[in-house]
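**Student:** One structure, as C-alpha cells, below. Some questions next.
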C-alpha cells in the first residue's frame, strides 16, 4: 500500500468520525464538505527511545579530552571555554518513519527538539551545522570529528539554523526544557531528496570564551523519555 | 496532485461511512454533491504546522498543533496518531485568529522510535 493511499484511507477514517459527530448535531444541510477546504498534513516524530535505540545517535566531543569518546554519556554539552570547548553531534534515522516520507513530498517544517537541563548565565547563540561526513556514536572524538578541531569552524554563515539559550531575560530559551527555534527544515528536505544524512553538529557561535559558558543537554542515554531528543517532520 | 484527489475521494467515502454509523436518516449525501466537492476543494494553508506530542507517562495523551494561520480559523482539526499497532484520534476546532490547538486522543499510543501523525483541517 502506498503512502498516499494509506494517508487517503486515514483521512477517510477521520472524516468518517467527523461525519458521525456532525450528524449527531443534526445540522443536516450544513455539512457540505464539497464546499469546504480539506488540508491534509502528515508528521513523523522520531524519538530517542529506548536509550539503546540506534534510530538516534547523539554524542558530545570535548576539546579537553580530545581523544576520548563520550558516546555513552547521559548528557551532552555545547560549551565555549578556553581550551575546553564542547560540541554535540546528533543524527536521526529517517527510515524509522513509517510509511517512508516520499521523496516527492514537501517538507513543511522539521524541528530538532533537544532538552536543555542546565543553562549558561549569559545568553549564548548555538549554531546548527549539517554534517557533511559520517561519524559514529561510539567512535567520534574531538580529534576525529568531521568538522575538524579548528575553533569557530565552520563559519557561522554556513549554519543551518541557530537558537539562543541562557538565563538572562530576553533570551530565547531561558529555562530548562526543550529548546525552541532549532529548525532544520532545509536539511531534512535535502535528506528526503536523497542527500546523505550525517546529522548535525551543534557548537557555540563564538568558541573559546574567556569565561566558560556551557549548555547541558539531555542525551538519549539518560533514558528519560520526557527529555529524549526528537526530530519532528511535518510534510505534505 | 494525484494523492490529494485520492484523499478527496476518500473524504466522500468517509462521509458516507460517517452517515451510516450515525444512522441519521434526515441527512442524505448524494454522490453528485460529493463529486461537485472534488472540484472546489482547496487548502486553508501550506504553512509549516508544528506538531508537539504531550505525554502522559510513556504514552501520547494529546497533540498540540501550532503555527496555524488565521485563515484556518473555524476549521475542524482532525488528528490521528499511530505508534505500532495503536492509533489514537481526536478533533478540535481552530480558534479565531488561528494559533495552536491541543487535541486530546481517544486512545493513548505508547511512544516508540517513531510515531505517525495525520492531520486534516476541514474548512473553514
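The values are calculated or read from the model by the stated rules, or taken from the named source; none is laboratory data. None of these values were measured; they are calculated from a predicted model. Note that we place each Cβ from the backbone using ideal geometry, even for glycine, and neighbour counts take in every protein chain shown.
**Student:** Among the residues of the stretch B:42-57, which ones are outside any loop (DSSP other than H, G, I, E, B) and more than 14 Å from residue B:98 (Cβ to Cβ)?
**Tutor:** B:51, B:52, B:53, B:54, B:55, B:56
**Student:** Of all residues in the stretch B:66-78 being within 8 Å of chain A (Cβ to nearest Cβ) and assigned to a strand (DSSP E or B), which is surrounded by the fewest Cβ atoms within 10 Å (Cβ to Cβ)?
**Tutor:** My answer is B:67.
**Student:** Confirm whether residue A:83 is in a loop (DSSP other than H, G, I, E, B) and more than 30 Å from residue A:193 (Cα to Cα).
**Tutor:** For residue A:83, the condition - in a loop (DSSP other than H, G, I, E, B) and more than 30 Å from residue A:193 (Cα to Cα) - is met.
**Student:** Looking at the stretch B:42-65 only, could you name the residues that are surrounded by fewer than 17 Cβ atoms within 10 Å (Cβ to Cβ), more than 9 Å from every other protein chain (Cβ to nearest Cβ) and under 14 Å from the mean Cα position of the chain (by Cα)?
**Tutor:** Selection gives B:64 alone.
**Student:** Could you say whether any residue in the stretch A:195-209 is free of Cβ contacts under 8 Å to residues at least 60 places away in the same chain, in contact with a strand residue (DSSP E or B) (Cβ under 6 Å, 6 or more places away or on another chain), buried (at least 17 other Cβ atoms within 10 Å of the Cβ) and more than 26 Å from residue A:43 (Cα to Cα)?
**Tutor:** Checked against the condition, which is being free of Cβ contacts under 8 Å to residues at least 60 places away in the same chain, in contact with a strand residue (DSSP E or B) (Cβ under 6 Å, 6 or more places away or on another chain), buried (at least 17 other Cβ atoms within 10 Å of the Cβ) and more than 26 Å from residue A:43 (Cα to Cα), the stretch A:195-209 yields no hits at all.
**Student:** Give just the number: which of (1) in a loop (DSSP other than H, G, I, E, B); (2) in contact with a strand residue (DSSP E or B) (Cβ under 6 Å, 6 or more places away or on another chain) does residue A:125 not satisfy?
**Tutor:** Of the numbered conditions (1) in a loop (DSSP other than H, G, I, E, B); (2) in contact with a strand residue (DSSP E or B) (Cβ under 6 Å, 6 or more places away or on another chain), the odd one out for residue A:125 is (1).
**Student:** Would you be able to tell me the number of residues in the stretch A:158-177 that are in contact (Cβ under 8 Å) with a residue 60 or more places away in the chain and either part of a strand (DSSP E or B) or not assigned by TED's automatic domain parsing to the domain that holds residue A:212 (or both)?
**Tutor:** Within the stretch A:158-177, the first condition is being in contact (Cβ under 8 Å) with a residue 60 or more places away in the chain, and the residues that meet it are A:176-177.
Okay, now just the ones that are also either part of a strand (DSSP E or B) or not assigned by TED's automatic domain parsing to the domain that holds residue A:212 (or both), so A:177.
Total satisfying the criteria: 1.
**Student:** Does at least one position in the stretch A:145-157 carry a residue that is assigned by TED's automatic domain parsing to the domain that holds residue A:46, without any contact (Cβ under 8 Å) to a residue 40 or more places away in the chain and assigned to a helix (DSSP H, G or I)?
**Tutor:** Restricting attention to the stretch A:145-157, the residues satisfying the condition of being assigned by TED's automatic domain parsing to the domain that holds residue A:46 are A:145-157.
Going one step further and asking which of them are without any contact (Cβ under 8 Å) to a residue 40 or more places away in the chain, we end up with A:148, A:150, A:153-155, A:157.
Restricting the remaining residues to those that are assigned to a helix (DSSP H, G or I) gives A:157.
There is at least one residue in the stretch A:145-157 that is assigned by TED's automatic domain parsing to the domain that holds residue A:46, without any contact (Cβ under 8 Å) to a residue 40 or more places away in the chain and assigned to a helix (DSSP H, G or I).
**Student:** Would you pick out the residues in the stretch A:210-230 that are assigned to a loop (DSSP other than H, G, I, E, B) and surrounded by fewer than 22 Cβ atoms within 10 Å (Cβ to Cβ)?
**Tutor:** A:210, A:211, A:212, A:223, A:224
**Student:** Within the stretch A:102-116, track down each residue that is under 16 Å from the mean Cα position of the chain (by Cα) and either more than 10 Å from chain B (Cβ to nearest Cβ) or under 17 Å from residue A:56 (Cβ atoms) (or both).
**Tutor:** A:110, A:111, A:112, A:113, A:114, A:115, A:116
**Student:** Filter the stretch A:86-101 for residues that are in a loop (DSSP other than H, G, I, E, B) and more than 9 Å from chain B (Cβ to nearest Cβ); which is nearest to the chain's Cα centre (by Cα)?
**Tutor:** Looking at residues that are in a loop (DSSP other than H, G, I, E, B) and more than 9 Å from chain B (Cβ to nearest Cβ), I get A:101.
**Student:** Scan the stretch A:197-206 for residues that are under 17 Å from residue A:137 (Cα atoms) and over 16 Å from the mean Cα position of the chain (by Cα) and jot them down.
**Tutor:** Result: no residue meets the conditions.
**Student:** Determine, yes or no, whether residue A:83 is in the same structural domain as residue A:201 (by TED's automatic domain parsing), more than 18 Å from the chain's Cα centre (by Cα) and touching a residue at least 12 places away in the same chain (Cβ under 8 Å).
**Tutor:** Details: in the same structural domain as residue A:201 (by TED's automatic domain parsing): yes; more than 18 Å from the chain's Cα centre (by Cα): yes; touching a residue at least 12 places away in the same chain (Cβ under 8 Å): yes.
Taking the combined requirement at face value, the residue satisfies it.
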